[in-house]
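Values quoted throughout were computed directly from the atomic coordinates according to the rules given, and no laboratory measurement underlies them. As the structure is a computational prediction, the values presented were derived from the model and not from experiment. When we count neighbours, we look across all protein chains shown, and the Cβ atoms used for this are built from the backbone with ideal geometry, even at glycine.
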Amino acid sequence: MLDARESQLKAWGLILFVSVMFAGCASGPPSAPTLDRLGGSPLPDFENFDRAGVDVIQGGFPPGRQPDGNTVILASSDGLIVFDTGRHLFHTQKIIDNARKAGQPVAAIINSHWHLDHISGNIPLRELFPGAAIYSNGAAVENALRTFLARGRESNAKMLEDPTLTPEIIDEISIDAATVEQGELLEPTVSIERAQAITIGGRRLEFHTAAGASDGDIWVFDPASGVVMTGDLVTLPAPFLDTPCPKAWSAALEEILATPFQRAIPGHGREMTRADIVLYRDAFNALIACAQGAAEPLACADAWTAAAAPLQENAELDNRYARGMSRNYVENVLRKDGVREDCLA
Ligand SMILES: [Zn+2]
């Protein structure tokens, strides 16, 4: 097992990396006070409920801050089905605003995996919509709370003693610490540990499981709209290799491509086509193969950045992130002991 310090460094590797690389470039959005969760920002304009009742709230990745995963909202006869709930209240507030504007309750929440940028918003949403069913991999959530997230919580106090931390990073650490404090509220009401079709409010969804980006990934295909929601099996500007099993991840990308989807909503980044997912799979496999070879980490990162460039939204900033993140993951995860233990068997 990893010792606490090592796993803490790993847990915060991304945020530290981002802060070092981009400190001073631009400031992030104002922080959402924890207790302001039910008040909040004015209603944004949600006009983008599109065909077959699908809405996307794209997660941000502002400089100096940790990201929010993308949220997908599906209409159903019981109310809204919310796929992933974000980390920051300024993201989750958009889900709440969407429900208010639609005059619908949140009937169900699906979490693609237990990483805090996809699941933290469960807490305020459960408070507002106590009847919502929560679908996620319960064993993986419990395991994360016992191990990875518990160790992170222990080390938070130490991290906060570092006088060089920016106010944004202190805020990020505090947000995650507050979420983990209420860890039992992150657990599902319905645990999904194998592939199955589930009908929610008349909408039949095909749930799939994997153990690629985490030990309990769920991705969902919605035949009514042709949308596939991949969670962090697909992310931009680079694969988020924080708790990876590369071979299972690669297999999951093939399974996603085997469904007849027309639109793919990734865990982070813009909506993608089938051709985009093919490009992503090829670039992902090449990055893993490069990491397993003898090339310099920067050479692997440059190859990823060039291959993934057509998928990025903001060429200048995203390509910098793509290069820096992929180099960091090759050097500090794939070539160290960052591949999950359950993957090594
Ligand atoms: Zn994520």
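Some notes on this structure:
- Considering residues of segment 110-131 that are away from the ligand (no atom under 14 Å from the Cβ) and closer than 16 Å to Asp68 by Cα only, the residue surrounded by the fewest Cβ atoms within 10 Å (Cβ to Cβ): Ile123
- Test: residue in segment 212-235 that is over 22 Å from Gln262 (Cα atoms) and more than 16 Å from the ligand (Cβ to nearest atom): no
- Residues in segment 251-265 that are more than 16 Å from the ligand (Cβ to nearest atom) and part of a strand (DSSP E or B): Arg263 alone.
- First in segment 183-198 and free of Cβ contacts under 8 Å to residues at least 24 places away in the same chain and closer than 14 Å to Ile218 by Cβ, second anywhere and surrounded by 13 or more Cβ atoms within 10 Å (Cβ to Cβ) and acidic (Asp, Glu), Cβ under 7 Å, 6 or more apart: Ala197/Glu206
- Residues that are farther than 16 Å from Thr235 by Cβ, in a helix (DSSP H, G or I) and small (Gly, Ala, Ser) within segment 298-345 comprise Ala299, Ala303, Ala306, Ala315, listed in sequence order.
- Matching entry among Ile200, Ile134 (being surrounded by 21 or more Cβ atoms within 10 Å (Cβ to Cβ) and among the β-branched types (Val, Ile, Thr)): Ile134
- Contact map, segment 207-220: first residue touching a residue at least 60 places away in the same chain (Cβ under 8 Å) and part of a loop (DSSP other than H, G, I, E, B), second residue buried (at least 22 other Cβ atoms within 10 Å of the Cβ) and among the small types (Gly, Ala, Ser), Cβ cut-off under 6 Å, separation 6 or more or different chains; pairs are Asp215/Ala140; Gly216/Ala140.
- Count - residues of segment 205-245 that are in contact with a His (Cβ under 7 Å, 6 or more places away or on another chain) and on the phi > 0 side of the Ramachandran plot: 1
- Any chance Gly231 is touching a residue at least 60 places away in the same chain (Cβ under 8 Å) and part of a helix (DSSP H, G or I): no
- When segment 137-157 is filtered for residues that are over 30 Å from Val220 (Cβ atoms), free of Cβ contacts under 8 Å to residues at least 24 places away in the same chain and either surrounded by 21 or more Cβ atoms within 10 Å (Cβ to Cβ) or not hydrophobic (A, V, I, L, M, F, W, C) (or both), only Asn156 remains.
- The number of residues in segment 266-278 that are in contact (Cβ under 8 Å) with a residue 40 or more places away in the chain and either in a helix (DSSP H, G or I) or closer than 19 Å to Ala211 by Cα (or both) comes to 4.
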